[in-house]
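Data block below; observations after.
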């Protein structure tokens, strides 16, 4: 499944109408004409968003910009859109008005509506608009209209005594009900033509600043400092993983990062075997865990660095592999390059042979696994390929082992003018040979210059405590550093004396 959130185009009209018809089956809500979509994409292309699954549009969110000083937000739906003429749209306005959101019913479990709402919020922030307003249907109201007034119905939905597919979703996405609208959408018999006027406020709004060219610059990282624990079964393990993905996603993170070998508690049933055989038995779970991570990335709209897991390839070699599960359904793979003496001695692991950056919806990122970060050549190769954030899942048993990873990661951030995020596991793991103790303090490191923290540490977790570390990193600061920094480590290299190249094996 390939999931893309992108701008709607005129060529998407057939898919759009097919999905919209399915979404509103049984209601009298009107369907957009081709001219409507052409006009909207010409007037305000950035505001017309869609989600395509395997190339087919299955969800959409349409918007215009209005001037809140001259537009009555209490107007009916058809007054707001001027019966399809969109004359109230004003690129110099200050509020994003949502005129449509729908999701094809077959794809609603993927939480695509949440993605569209998040994309609208990002657009609002990046264009420096006051907020978002929209008229929201209350499609379940017809079941209670003979007993409850619209006001009473809305209050019960707020208290979760009644579930309304549209209003419940909007409230959970930080919208609040500003007022009740009468005769908002006359053809909406399910809502009895009532609607809620919903509002979301942009707390980053600056009255004297405005930008009409949105560009994502702040990336939110969620690092899972994972507590090693035994699980009764695979489902219990998945429940713990999903808990953390849910938490990180709830904070609006763009990435969730798990530690190296975070799934080794699942080795406990094989503790009577030699370590090499036990690790290969653990590798049997890797395809299933990878698939679960892919599903969670899509469902929770967050890119997941899926820690690391053992993988047996077709040549029967054992690798330490990490997966980057994108929230659009794509998955990338990285195999640990440098294998520790411990991994060779106890597990017979082999090293990977590919070093490359990965393109994400948040810029170019690199992946190195634990010991790899202690070899500066790897991260320099990634930096030359445009890496902005380096993720390092790690597993260390002692404090001195952790300090090697920490200090080398800090050096990589400075010398490559990038952010480095390290995530490790903590606690003890009885009944799993060679995995009995862990020491970690997950952290996000920055370059060292005036735009960054004085100690070049953006954030760090409490040592040896299970927790989630949330940190924002600004990619624009990296660009400024590269051009105007006190020192310019990437530009000032003496390539007349030395160079770094990759040998293809």
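The values are calculated or read from the model by the stated rules, or taken from the named source; none is laboratory data. These numbers were taken from a predicted model, which means no experiment stands behind them. Neighbour counts run over all protein chains shown; Cβ positions are idealised from the backbone, glycine included.
Determine if region 144-160 includes at least one residue that is touching a residue at least 60 places away in the same chain (Cβ under 8 Å) and in a helix (DSSP H, G or I). Reasoning before the result, please.
Taking region 144-160 first, the residues touching a residue at least 60 places away in the same chain (Cβ under 8 Å) are none.
The answer is no, given that none of the residues of region 144-160 is touching a residue at least 60 places away in the same chain (Cβ under 8 Å) and in a helix (DSSP H, G or I).
Is it the case that region 417-426 has a residue that's touching a strand residue (DSSP E or B) at 6+ places or on another chain (Cβ under 7 Å), surrounded by fewer than 21 Cβ atoms within 10 Å (Cβ to Cβ) and not in a strand (DSSP E or B)? Walk me through how you get there before you give the answer.
We begin by selecting, within region 417-426, every residue touching a strand residue (DSSP E or B) at 6+ places or on another chain (Cβ under 7 Å); these are 418-426.
Cutting the leftovers down to surrounded by fewer than 21 Cβ atoms within 10 Å (Cβ to Cβ) gives us none.
No, the conditions are met nowhere in region 417-426.
State yes or no: is residue 275 touching a residue at least 40 places away in the same chain (Cβ under 8 Å) and either closer than 18 Å to residue 432 by Cα or surrounded by 21 or more Cβ atoms within 10 Å (Cβ to Cβ) (or both)? If you could, list the steps in order and put the result at the bottom.
Working: touching a residue at least 40 places away in the same chain (Cβ under 8 Å): yes; either closer than 18 Å to residue 432 by Cα or surrounded by 21 or more Cβ atoms within 10 Å (Cβ to Cβ) (or both): yes.
So residue 275 fits the description; yes.
Return the residue satisfying two criteria in turn: it lies in region 245-255 and is crowded, with 21+ Cβ neighbours inside 10 Å and not in a strand (DSSP E or B), and of such residues it is nearest to the chain's Cα centre (by Cα). Explain how you work it out, then say what you get.
To start, the set of residues in region 245-255 that are crowded, with 21+ Cβ neighbours inside 10 Å comprises 245, 248-249, 253-255.
Right, trim to not in a strand (DSSP E or B) and you get 245, 248-249, 253-254.
Numbers: 245: 10, 248: 9, 249: 7, 253: 5, 254: 3 Å.
Step by step, filter region 245-255, then rank; the result is 254.
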Q: Read through the list (1) part of a helix (DSSP H, G or I); (2) farther than 20 Å from residue 8 by Cα; (3) touching a helix residue (DSSP H, G or I) at 6+ places or on another chain (Cβ under 7 Å), then give the number of the only condition that residue 78 fails.
A: (3)
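Would you tally the residues in region 105-149 being within 15 Å of the chain's Cα centre (by Cα) and within 24 Å of residue 192 (Cα to Cα)?
As a first pass, look at region 105-149 and keep what is within 15 Å of the chain's Cα centre (by Cα): 110-122.
Adding the requirement that they be within 24 Å of residue 192 (Cα to Cα) leaves 113.
Residues flagged as within 15 Å of the chain's Cα centre (by Cα) and within 24 Å of residue 192 (Cα to Cα) within region 105-149 amount to 1.
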(Q) I'd like to check something: does region 320-328 contain any residue that is in a strand (DSSP E or B), more than 21 Å from the chain's Cα centre (by Cα) and touching a residue at least 40 places away in the same chain (Cβ under 8 Å)? (A) yes
Q: Go through region 146-172 and give me each residue that's surrounded by fewer than 19 Cβ atoms within 10 Å (Cβ to Cβ), within 20 Å of residue 183 (Cβ to Cβ) and touching a helix residue (DSSP H, G or I) at 6+ places or on another chain (Cβ under 8 Å).
A: 148
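Could you tell me whether residue 281 is closer than 30 Å to residue 122 by Cβ and either modelled with pLDDT of 95 or more or assigned by TED's automatic domain parsing to the domain that holds residue 112 (or both)? Even if it seems obvious, please write down each step before you answer.
Details: closer than 30 Å to residue 122 by Cβ: no; either modelled with pLDDT of 95 or more or assigned by TED's automatic domain parsing to the domain that holds residue 112 (or both): yes.
Spelling it out, it is not the case that residue 281 is closer than 30 Å to residue 122 by Cβ and either modelled with pLDDT of 95 or more or assigned by TED's automatic domain parsing to the domain that holds residue 112 (or both).
Kindly indicate whether residue 363 is on the phi > 0 side of the Ramachandran plot and either out of contact with any strand residue (DSSP E or B) (no Cβ under 8 Å at 6 or more places or on another chain) or touching a residue at least 60 places away in the same chain (Cβ under 8 Å) (or both). Working first, answer last.
Values: on the phi > 0 side of the Ramachandran plot: yes; either out of contact with any strand residue (DSSP E or B) (no Cβ under 8 Å at 6 or more places or on another chain) or touching a residue at least 60 places away in the same chain (Cβ under 8 Å) (or both): yes.
Yes.
Here is a yes/no grid of residues against (1) assigned by TED's automatic domain parsing to the domain that holds residue 422; (2) on the phi < 0 side of the Ramachandran plot; (3) touching a strand residue (DSSP E or B) at 6+ places or on another chain (Cβ under 7 Å):
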| position | (1), (2), (3) |
| --- | --- |
| 182 | no, yes, no |
| 192 | no, no, no |
| 233 | yes, yes, no |
| 238 | yes, yes, no |
| 248 | yes, yes, yes |
| 268 | yes, yes, no |
| 273 | yes, yes, no |
| 276 | yes, yes, no |
Q: Starting from region 341-357, keep only residues that are in contact (Cβ under 8 Å) with a residue 24 or more places away in the chain, then list their pairs with residues that are outside any loop (DSSP other than H, G, I, E, B) and exposed (fewer than 12 other Cβ atoms within 10 Å of the Cβ) whose Cβ atoms are within a distance under 8 Å, requiring at least 6 positions of separation or different chains.
A: none
Q) Before we move on, is residue 68 closer than 24 Å to residue 194 by Cβ, in the same structural domain as residue 124 (by TED's automatic domain parsing) and either free of Cβ contacts under 8 Å to residues at least 12 places away in the same chain or in contact with a helix residue (DSSP H, G or I) (Cβ under 6 Å, 6 or more places away or on another chain) (or both)? A) no
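Determine, yes or no, whether residue 232 is closer than 15 Å to residue 431 by Cβ, over 23 Å from the mean Cα position of the chain (by Cα) and without any contact (Cβ under 8 Å) to a residue 12 or more places away in the chain. Can you show your working first?
Values: closer than 15 Å to residue 431 by Cβ: yes; over 23 Å from the mean Cα position of the chain (by Cα): yes; without any contact (Cβ under 8 Å) to a residue 12 or more places away in the chain: yes.
Judged against the criteria, residue 232 is a match.
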Q: Take residue 413 and decide whether it is touching a residue at least 60 places away in the same chain (Cβ under 8 Å), crowded, with 21+ Cβ neighbours inside 10 Å and either touching a strand residue (DSSP E or B) at 6+ places or on another chain (Cβ under 6 Å) or not in a strand (DSSP E or B) (or both).
A: no
Q: Those residues that are touching a residue at least 24 places away in the same chain (Cβ under 8 Å) and surrounded by fewer than 21 Cβ atoms within 10 Å (Cβ to Cβ), I need them from region 103-115; list them, please.
A: 105, 106, 107, 109, 111, 114
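Out of the residues in region 190-226 that are in a loop (DSSP other than H, G, I, E, B) and under 17 Å from residue 473 (Cα atoms), state the one that is modelled with the lowest pLDDT. Show your work before the answer.
Filtering region 190-226 for residues in a loop (DSSP other than H, G, I, E, B) gives 190-194, 202-217.
So of that shortlist, the ones also under 17 Å from residue 473 (Cα atoms) come out as 204, 215-217.
Numbers: 204: 82, 215: 46, 216: 57, 217: 78.
The selected residue is 215.
Here are 262, 237: which of them is surrounded by 13 or more Cβ atoms within 10 Å (Cβ to Cβ), modelled with pLDDT of 95 or more, over 19 Å from the mean Cα position of the chain (by Cα) and assigned to a loop (DSSP other than H, G, I, E, B)? Quick ask: steps written out before the conclusion?
On the way: 237 fails: assigned to a loop (DSSP other than H, G, I, E, B).
Of 262, 237, the one residue that is surrounded by 13 or more Cβ atoms within 10 Å (Cβ to Cβ), modelled with pLDDT of 95 or more, over 19 Å from the mean Cα position of the chain (by Cα) and assigned to a loop (DSSP other than H, G, I, E, B) is 262.
Is there a residue in region 130-138 that is surrounded by fewer than 20 Cβ atoms within 10 Å (Cβ to Cβ) and more than 21 Å from residue 16 (Cα to Cα)?
Restricting attention to region 130-138, the residues satisfying the condition of being surrounded by fewer than 20 Cβ atoms within 10 Å (Cβ to Cβ) are 130-131.
Within this subset, residues satisfying the condition of being more than 21 Å from residue 16 (Cα to Cα) are 130-131.
So far as region 130-138 goes, yes, one or more of its residues are surrounded by fewer than 20 Cβ atoms within 10 Å (Cβ to Cβ) and more than 21 Å from residue 16 (Cα to Cα).
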Q: May I ask you to list pairs of residues, at least six apart or on different chains, whose Cβ atoms are under 9 Å apart, with the first in region 476-505 being in the same structural domain as residue 356 (by TED's automatic domain parsing) and the second being part of a loop (DSSP other than H, G, I, E, B) and modelled with pLDDT under 90?
A: 476/215; 476/217; 477/217
Q) Could you say which residue among 100, 92, 79 is surrounded by fewer than 22 Cβ atoms within 10 Å (Cβ to Cβ) and under 29 Å from the mean Cα position of the chain (by Cα)? A) 100
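This table checks each residue for (1) surrounded by fewer than 21 Cβ atoms within 10 Å (Cβ to Cβ); (2) farther than 18 Å from residue 373 by Cα.
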site: 306; (1), (2): no, no
site: 314; (1), (2): yes, yes
site: 323; (1), (2): no, no
site: 333; (1), (2): yes, no
site: 337; (1), (2): yes, no
site: 350; (1), (2): yes, no
